Amino acid sequence: MPSAVELVILFTAIAMGAVGQIAMKTGMNRVRKSSGGDLGPIVRALPRVFSDLYVLIGIGIYILSTVLWLWVLSRVPLSFAYPCISVSYIIIIIAGKWVFRERIDAWKIAAIVLILAGVVALGFSEPVHSESSSGTPASASLVDGGVPE
């Protein structure tokens, strides 16, 4: 199980990624609205897209999220960290309801429950050791006589 600090940074990175997406969606809604609902060819729309403050803030948050995620990947087993990204789906569903007035139906609620159950199950799973005592990746000791793939 990752340490408390690793878990905080893991879920901070995930939350920041979701917040970045929400900001970019907000910006793109503004860009579409200011364009009369038609962005036209994407190449022509790029100057409008990259001049919107919400889009730029969203990209900035997403970049910071990626930096934190790289830190997480350097310390937490991938088989634990990556499935935790599914928590971002829950954040997005809830934000979609509050920010964008999207509908949450019974299927989305069931999906949230299943995602939470999966993340909790990960927390109770066997500890995964990403490196052997020799400092080489554990998978390398099983493949090609200890040579990393």
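Results, tabulated for the structure shown:
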quantity: Matching residues in region 6-41 - criterion: being over 19 Å from ILE92 (Cβ atoms) and under 18 Å from the mean Cα position of the chain (by Cα); calculated: GLU6, LEU7, VAL8, ILE9
quantity: Yes/no for LYS97 being part of a helix (DSSP H, G or I), charged (D, E, K, R) and farther than 19 Å from MET16 by Cα; calculated: no
quantity: Sole exception among (1) modelled with pLDDT under 95; (2) touching an Asp or Glu at 6+ places or on another chain (Cβ under 7 Å) for SER3, by number; calculated: (2)
quantity: Residue within region 33-45 that is within 26 Å of LEU116 (Cβ to Cβ), out of contact with any helix residue (DSSP H, G or I) (no Cβ under 6 Å at 6 or more places or on another chain) and without any contact (Cβ under 8 Å) to a residue 12 or more places away in the chain present; calculated: no
quantity: Qualifying positions in region 1-33 - surrounded by 18 or more Cβ atoms within 10 Å (Cβ to Cβ) and not in a helix (DSSP H, G or I); calculated: PRO2
quantity: Which listed residue is surrounded by fewer than 18 Cβ atoms within 10 Å (Cβ to Cβ), assigned to a helix (DSSP H, G or I) and modelled with pLDDT of 95 or more, from LEU46, LEU56; calculated: LEU56
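The values are calculated or read from the model by the stated rules, or taken from the named source; none is laboratory data. Just so it is clear, the model here is predicted, and its values are computed rather than measured. Every residue, glycine among them, receives a Cβ derived from its backbone with ideal geometry; neighbour counts consider all protein chains shown.
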